[in-house]
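S.K.: One structure, as structure tokens, below. Some questions next.
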Amino acid sequence: MVSTKHSSSIRDGLAACLVLLSLATCRAVCAADLPVPSFSASLCQPQLGAPYAQTAALTGRRVMVASADVQASAAGCKVLAQGGSAIDAAVAVQAVLGVVEPFASGLGGGSVISYFDAATGRVRVFDGLATAPAAVGVAGTTSIYQMAVPSDLECRSGQALGGSLSAYQAHTDISGRATGVPGTVKVLDLVHQAHGRLPWRHLWDDAIGLARDGFRLSPYLYATLHNPGQTSDDETGDLLKVGGVPAWWNLARNRWGPLRCQYPDIRARYCTVDGTRPLPPGTMVTNLELAKTMAMVRDVGAAAFYQPDGPIASAILQRFQRDLRRPDGSPNCHSALPDRYNADGSTSTPIVPARIPSLMAAADFTDYQAVERMPLVGQHFGVTVYAPPAPLFGGLVTLQSLALLERKHLARLAFGTAPFYHLAGEASRLANADRRQFVGDPSVSNVDQLVRALLSSSYLDARAALITDAALGTVPAGRLADGIPDDRAIESVRASVSLGTAAIAARPAEIAEPPSGQGEEWNTTSSLAIIDVWGNALAMTTTINTHWGAHMEAAGMMLNNAMSNFSAGGVGRDVNGYGPNRRPRSSIAPAIALDAGGRLRLVWGAAGGGPIPDYIVKAFLGDVVYGLDLQAAINAGNWTGQGSAASVLQLDRSLSGMMSVLRERHGHDANTLGVTGLNSGVAGISVIHDGPGGPLYRGAADARRAGGANGF
């Protein structure tokens, strides 16, 4: 701490110090709880070419923000220029993202923050994931796809309590029944209380202005609602037909749900009146309800969101009630689909969006808590990587993949070659097989103990030995030693949700876990990375789960469908089972890497559904291991080994030329290799220390989305 005797002279010279002298020296002064430095927001510079066309990272020495929308990054940089900390800027960035990227994140979703405190060198992880309502365990239900309360019998005829709500899981996934208690506002508040420097009320104005006065609908938002002929199928990699985007497909691709513009809440704000197509890119869109909601959160604080009888919680619960009863009291619940479909999945009968109300109650808002968790830590390729723990599987997959690739001497191979993708793919396949087996909510299982075993040297050595020049035909399940149970029969989980064999046998076959294929969209969620003038940093990944979440709006916010992430059956159900107040596992993996001296090296995270940890690994390898410009690393072709329960390696369309080489040289076949649509959404900041000049920041965001860096 700087003494009072000398503080005035230091304060007087602080601004000049930050501009003219060593940033490392200045940060030591700034960390001493002196008044925050203030800069002109005109110093903030956007990344050249962003959005969509950025090819090189933005360079800065004082502050940096990277996110999935250029307007959000600009709002964050403005806060930093006003003397805000990394978490101050994150509040502003998230608020703007909720306005301009309503399909990806917002106050109605959940978020996870990895935070680096420059003063202590400590990395902390804060979990604000959405949780299941307390009432979900009624009637012995073990998934969101079952009739749980008597009123559910009005949704679909011919069923009893415990029976199937809908013939297709996906129809329930896009409904209020899939909505969890939102955690984003609570986790932002928790971290702001610990690390904020500017008042909470000063962080919302840019977002409120965009919601009130209007923002231009982006080409990326448009593409989530209407395919202009350039969008790839997430499973096959084939270009989709021009037209509206269905809310869901079944795995056989011979059934689809309603077009997104046919969901009334989406249609009312983002589509033409008849629901045939979205408003054109560039259209000014306003959201006065969201502006009002954010103003309440700004003025009252996070308590305004979680007050059980307050306007925000009441609006959410009333929206669910509308799907249960019409104003006259008659039933409004609906989950049926047309009886007849054509061979291509189309039907002449209108497909009506599901209306399945949530089991959420006012008390769920009172009881919600964001929690701090111990980060996972691994030392790989000369740096220390911190990533989130369970119930997030993204951190485990990231650290396992890096550990396996280091053991296989990946750095000896050229980046982006067929041998590179083969090794990267095999590591991803093995890591994703493990996370399916072992990761779930740590509050009801011994998953933390299991994960420690999965990251032990002996276990990683054994898994690395499975990787050869020839592709694994099947990926074997991991076997844990040293007294750690590997059968996933966690008694505490079984007791809390009655997961006995009789309960499993009684479940309707209609709602069984899909045997293979991809059960979620892969281009969802949003992410951001921030470094402030003190050298504090955070990576935050924020989500309403799949694109457009539950396709429902309340108080101007799109609501999440995170409960669809619980395992309905099959592998992993014991640890990731549906139950009261639980957090379903997620791929989210905001990460922070420190160099050998404990200094920041990389701050990054990704959007993109299940393959998120693969995008995290790709950016790390490109920037840290191969020395690529961070933007080039982010823009490079994507891969994932989590394509199905069989862990198929899938490459994005830009890498389709690799297919024949991987087959010929490494023995891949149709059962182990495919092409898919992987749009990712990485946002990150690379840090280089260049001597007396202090750290040099390189901010970048995925050119596949509407983002970019902003800083100075």
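S.K.: Assuming THR224 fulfils every condition listed in (1) touching a His at 6+ places or on another chain (Cβ under 6 Å); (2) at pLDDT 95 or above apart from one, which condition is it?
M.R.: Unmet condition: (2).
S.K.: Enumerate the pairs (first residue in segment 274-298 and among the polar types (S, T, N, Q); second residue anywhere and modelled with pLDDT under 95) with beta-carbon separation below 8 Å, excluding pairs fewer than 6 apart on the same chain, so at least 6 apart or on different chains.
M.R.: THR276/GLY244
S.K.: Another question about this same structure. Is it the case, given these coordinates, that ASP309 is open to solvent by 80 Å² or more (accessible area, probe 1.4 Å), at pLDDT 95 or above, on the phi < 0 side of the Ramachandran plot and assigned to a loop (DSSP other than H, G, I, E, B)?
M.R.: On the way: open to solvent by 80 Å² or more (accessible area, probe 1.4 Å): yes; at pLDDT 95 or above: yes; on the phi < 0 side of the Ramachandran plot: yes; assigned to a loop (DSSP other than H, G, I, E, B): yes.
Yes; evaluated as a whole, the condition is true for this residue.
S.K.: Can I ask one more? Can you name the helices (runs of 4 or more DSSP H) wholly within segment 149-268 that have at least 1 residues being basic (Lys, Arg)?
M.R.: 184-195, 205-213
S.K.: Is it true that GLN400 is touching a Lys or Arg at 6+ places or on another chain (Cβ under 8 Å) and either part of a helix (DSSP H, G or I) or open to solvent by less than 10 Å² (accessible area, probe 1.4 Å) (or both)?
M.R.: So GLN400 passes the test.
S.K.: Can you tell me how many residues in segment 675-712 are touching a strand residue (DSSP E or B) at 6+ places or on another chain (Cβ under 9 Å) and modelled with pLDDT under 90?
M.R.: Final tally of qualifying residues: 7.
S.K.: Among the residues of segment 322-351, which ones are closer than 16 Å to VAL149 by Cα and not charged (D, E, K, R)?
M.R.: Within segment 322-351, LEU324, PRO331, ASN332, CYS333, HIS334, SER335 qualify.
S.K.: Let me ask another. For segment 657-671, what are the residues that are out of contact with any helix residue (DSSP H, G or I) (no Cβ under 8 Å at 6 or more places or on another chain) and either open to solvent by less than 10 Å² (accessible area, probe 1.4 Å) or modelled with pLDDT of 90 or more (or both)?
M.R.: Scanning segment 657-671 gives GLY657, MET659, SER660, ARG663, GLU664, GLY667.
S.K.: Given (1) open to solvent by 10 Å² or more (accessible area, probe 1.4 Å); (2) out of contact with any Pro (no Cβ under 9 Å at 6 or more places or on another chain); (3) in contact (Cβ under 8 Å) with a residue 40 or more places away in the chain; (4) within 22 Å of ILE530 (Cβ to Cβ), identify the lone condition not met by THR120.
M.R.: The number of the failed condition is (3).
S.K.: So which residues in segment 435-449 are closer than 15 Å to VAL377 by Cα and more than 23 Å from the chain's Cα centre (by Cα)?
M.R.: If the condition is that a residue be closer than 15 Å to VAL377 by Cα and more than 23 Å from the chain's Cα centre (by Cα), then GLN449 is the only one that fits.
S.K.: Now for a separate question. Determine which single condition ALA343 fails, assuming it passes every other condition in (1) modelled with pLDDT of 95 or more; (2) surrounded by fewer than 15 Cβ atoms within 10 Å (Cβ to Cβ).
M.R.: Going through the list (1) modelled with pLDDT of 95 or more; (2) surrounded by fewer than 15 Cβ atoms within 10 Å (Cβ to Cβ), ALA343 breaks only (1).
S.K.: Right, next: Across segment 360-397, which residue is surrounded by the most Cβ atoms within 10 Å (Cβ to Cβ) among those that are under 19 Å from the mean Cα position of the chain (by Cα) and among the β-branched types (Val, Ile, Thr)?
M.R.: The selected residue is VAL397.
S.K.: Starting from segment 411-438, keep only residues that are free of Cβ contacts under 8 Å to residues at least 12 places away in the same chain, then list their pairs with residues that are part of a helix (DSSP H, G or I) and open to solvent by less than 10 Å² (accessible area, probe 1.4 Å) whose Cβ atoms are within a distance under 8 Å, requiring at least 6 positions of separation or different chains.
M.R.: As it stands, the answer is LEU413/PHE420; ALA414/PHE420; PHE420/LEU410, since those pairs meet every condition given.
For every residue, the table says whether it meets (1) in contact (Cβ under 8 Å) with a residue 12 or more places away in the chain; (2) within 30 Å of LEU240 (Cα to Cα); (3) of a type in the set (Gly, Ala, Ser); (4) in a strand (DSSP E or B).
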{"residue": "ARG319", "(1), (2), (3), (4)": "yes, no, no, no"}
{"residue": "GLY329", "(1), (2), (3), (4)": "no, no, yes, no"}
{"residue": "LEU337", "(1), (2), (3), (4)": "yes, yes, no, no"}
{"residue": "GLY345", "(1), (2), (3), (4)": "yes, yes, yes, no"}
{"residue": "LEU359", "(1), (2), (3), (4)": "yes, no, no, no"}
{"residue": "TYR386", "(1), (2), (3), (4)": "yes, no, no, yes"}
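S.K.: With the checklist (1) buried (at least 21 other Cβ atoms within 10 Å of the Cβ); (2) modelled with pLDDT of 85 or more; (3) out of contact with any Ser or Thr (no Cβ under 6 Å at 6 or more places or on another chain) in hand, flag the one item VAL444 doesn't pass.
M.R.: (3)
S.K.: Now for a separate question. Would you check if there is a residue in segment 77-89 being β-branched (Val, Ile, Thr) and in a strand (DSSP E or B)? I'd like the intermediate steps shown before the answer.
M.R.: Within segment 77-89, the first condition is being β-branched (Val, Ile, Thr), and the residues that meet it are 79, 87.
Applying the additional criterion that residues be in a strand (DSSP E or B) yields none.
No, segment 77-89 contains no residue that is β-branched (Val, Ile, Thr) and in a strand (DSSP E or B).
S.K.: For segment 606-636, name all the residues that are under 20 Å from GLY674 (Cα atoms), of a type in the set (Gly, Ala, Ser) and open to solvent by less than 10 Å² (accessible area, probe 1.4 Å).
M.R.: GLY608, GLY609, GLY610
S.K.: Tally time: how many residues in segment 562-594 are of a type outside the set (Gly, Ala, Ser), within 15 Å of ALA387 (Cα to Cα) and part of a loop (DSSP other than H, G, I, E, B)?
M.R.: Summing the residues that are of a type outside the set (Gly, Ala, Ser), within 15 Å of ALA387 (Cα to Cα) and part of a loop (DSSP other than H, G, I, E, B) in segment 562-594 gives 3.
S.K.: Could I ask something else about it? Scan segment 94-123 residue by residue and report those that are touching a His at 6+ places or on another chain (Cβ under 9 Å) and within 28 Å of LEU594 (Cα to Cα). Walk me through it before giving the result.
M.R.: Keep residues of segment 94-123 that are touching a His at 6+ places or on another chain (Cβ under 9 Å), which gives 103-104, 115, 117.
Those that are touching a His at 6+ places or on another chain (Cβ under 9 Å) and within 28 Å of LEU594 (Cα to Cα): TYR115, ASP117.
S.K.: Would you please name the residue that is nearest to GLY637 (Cα to Cα), looking only at residues in segment 692-712 that are out of contact with any helix residue (DSSP H, G or I) (no Cβ under 6 Å at 6 or more places or on another chain) and assigned to a loop (DSSP other than H, G, I, E, B)?
M.R.: ARG704
S.K.: With the requirement that a residue be closer than 22 Å to ASP127 by Cβ and touching a helix residue (DSSP H, G or I) at 6+ places or on another chain (Cβ under 6 Å), what does segment 169-184 give you?
M.R.: Answer for segment 169-184, where residues must be closer than 22 Å to ASP127 by Cβ and touching a helix residue (DSSP H, G or I) at 6+ places or on another chain (Cβ under 6 Å): ALA178, GLY180, VAL181.
S.K.: Another question about this same structure. Could you identify the single residue in SER330, SER335 that is open to solvent by 10 Å² or more (accessible area, probe 1.4 Å), at negative phi and of a type outside the set (Phe, Trp, Tyr)?
M.R.: SER330
S.K.: Any idea how many residues of segment 556-602 are closer than 30 Å to PHE320 by Cα, touching a strand residue (DSSP E or B) at 6+ places or on another chain (Cβ under 6 Å) and of a type in the set (D, E, K, R)?
M.R.: Final tally of qualifying residues: 1.
S.K.: Would you mention how many residues in segment 272-294 are open to solvent by less than 20 Å² (accessible area, probe 1.4 Å) and in contact with a Phe, Trp or Tyr (Cβ under 9 Å, 6 or more places away or on another chain)?
M.R.: 6
The values are calculated or read from the model by the stated rules, or taken from the named source; none is laboratory data. Nothing here was measured: the structure is a model prediction, and the numbers come from that model. Positions of Cβ are backbone-derived with ideal geometry, glycine not excepted, and every protein chain shown enters the neighbour counts. To get the accessible areas, we keep the full protein, side chains included, count just its heavy atoms, and leave off ligands, DNA and RNA. Shrake-Rupley method; radii C 1.70, N 1.55, O 1.52, S 1.80 Å.
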